[in-house]
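Just below is one structure, and these are the notes that go with it.
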Amino acid sequence: MSQAQILNQKDYKRLLAATKMTRHADRNRLAVVLSFGAGLRAKEIASVTVDNVIDASGRVKSQFELDSSQTKGRKSRTIFLSEAVQDEIKKYLDKHSQLKTSQHETLYTLSEARSIHISNNAGSSEESIQERGIG
């Protein structure tokens, strides 16, 4: 199996620009930023909660812990957020301010939940996960 191609800066910017043409542009842009900017997998992006990324004073955290139920490998892990990723989360939450009062809700509660399929590393089976409108 060949290795997936890595996006260069130009391709990344084109991908971000393409999210503007989608039905849920804000949500999709944040999903791209969390994936490429913070290294989150689809299941992890779908399970990130408001209280994962916002501290008690309402500011975006510089790092947060995903618990074992939120990760692919069922092991908790620490996610570090660059200033650029923090800014994107802040913009998203400012635009969708009703989420700030829903601490245990996922960031993606604005549209219906849909099922997505993700191939595992071996490529032999697919794992179906419920996610909150990413796609």
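The values are calculated or read from the model by the stated rules, or taken from the named source; none is laboratory data. In this text, all values refer to a predicted model and were calculated from it rather than measured experimentally. Because the Cβ atoms are built from the backbone with ideal geometry, glycine has one as well, and the counts that use them run over all protein chains shown.
Below are the figures for this structure:
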item: Evaluation of residue 104 against (1) closer than 28 Å to residue 14 by Cα; (2) outside any helix (DSSP H, G or I); (3) at pLDDT below 95 (one fails), failing number; result: (1)
item: Elements of type helices (runs of 4 or more DSSP H) contained in the range 16-92, each with 2 or more residues being under 10 Å from the mean Cα position of the chain (by Cα); result: 25-38, 42-47
item: Which numbered condition residue 112 misses (of (1) part of a helix (DSSP H, G or I); (2) over 13 Å from residue 30 (Cβ atoms); (3) at pLDDT below 80); result: (1)
item: Residue 132, sole failed condition from (1) in contact with a Phe, Trp or Tyr (Cβ under 8 Å, 6 or more places away or on another chain); (2) surrounded by 15 or more Cβ atoms within 10 Å (Cβ to Cβ); (3) modelled with pLDDT of 50 or more; result: (3)
item: Subset of the range 67-86 (residues that are touching a residue at least 24 places away in the same chain (Cβ under 8 Å) and surrounded by 13 or more Cβ atoms within 10 Å (Cβ to Cβ)); result: 70, 71, 72, 79, 81, 85, 86
item: Selection from the range 37-59 of residues that are of a type in the set (A, V, I, L, M, F, W, C) and either crowded, with 16+ Cβ neighbours inside 10 Å or over 22 Å from residue 106 (Cβ atoms) (or both); result: 38, 40, 42, 45, 46, 48, 50, 53, 54
